[in-house]
Amino acid sequence: LAGLSRRPDTTVLRWGHRFRDQRVTSHVALTARAFGAAGFVLTDVNDNEVKATVEKIVANWGGQFRFEMGKPWKQTISEWRRKGGLVVHLTAYGENLQASNVVERIKAAGKDLLIIVGSQKVPQEFFSPDVSDFNVAVGNQPHSEVSSLAVFLDRLHQGEELKWDFKGAKLRIIPETHGKKVVRARK
Ligand SMILES: C[S@@+](CC[C@H](N)C(=O)[O-])C[C@H]1O[C@@H](n2cnc3c(N)ncnc32)[C@H](O)[C@@H]1O
């Protein structure tokens, strides 16, 4: 990817996928990609439809983006921590990202980040320092895993990710004041 370096690595962990509500997990993954994360992990379950959706977007719209699924969340987190990465849990109950310096502290650490987003009520352990180095609130009002992830990643990357050029794209949008323009890369 052009633009910002992908170090430190930011990977999003989605806990609590619901098969009757698959699109939300797909939207979490696509938000992760579009807002500059390097990868996505759907823990505890396999969903091949979500995988196919994400892989199709990456194939058409470019960039590199890791997709994993099925590993238990405890294993994913313990492996991440063992390699020296930090864990950030996005939750309405955490430190307010606007009213505190939590984002500066996370950036200053300069480490790879695993960003947990939940769905329904998450396991209590997620709040513990044994799991999460930081519990971060995108405002202390309940909203959604998609909105909280977008705002957090955008603060982390200071908006620069919105200008990134996703390498190897087959399709590219040419921004227009009015209208829709999509060009195909030459083979
Ligand atoms: C629809 S919410 C459900 C939260 C659930 N009711 C609870 O009490 O834990 C799903 C996910 O969105 C994220 N989320 C919602 N509001 C948030 C906020 N204000 N700040 C950060 N993350 C938030 C969290 O990751 C949460 O697990």
Item checked: Spans of strands (runs of 3 or more DSSP E) in the stretch 52-167 with at least 1 residues open to solvent by 30 Å² or more (accessible area, probe 1.4 Å), touching a Pro at 6+ places or on another chain (Cβ under 9 Å) and within 16 Å of the ligand (Cβ to nearest atom) -> 86-96
Margin query: Give me the residue from the stretch 168-185 that is open to solvent by 90 Å² or more (accessible area, probe 1.4 Å) and part of a strand (DSSP E or B) and, out of that set, farthest from the ligand (Cβ to nearest atom).
Written below: Arg184
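Could you tell me which of the residues Arg23, Arg7 is outside any strand (DSSP E or B), under 19 Å from Leu113 (Cα atoms) and open to solvent by 60 Å² or more (accessible area, probe 1.4 Å)?
Details: Arg23 fails: under 19 Å from Leu113 (Cα atoms).
Being outside any strand (DSSP E or B), under 19 Å from Leu113 (Cα atoms) and open to solvent by 60 Å² or more (accessible area, probe 1.4 Å) holds for just one of Arg23, Arg7, which is Arg7.
The values are calculated or read from the model by the stated rules, or taken from the named source; none is laboratory data. Model, not experiment: these values are computed from the prediction. Virtual Cβ from ideal backbone geometry, glycine too; neighbours counted across all protein chains shown. These accessible areas exclude ligands, DNA and RNA; they are computed on the full protein's heavy atoms, side chains included. Shrake-Rupley method; radii C 1.70, N 1.55, O 1.52, S 1.80 Å.
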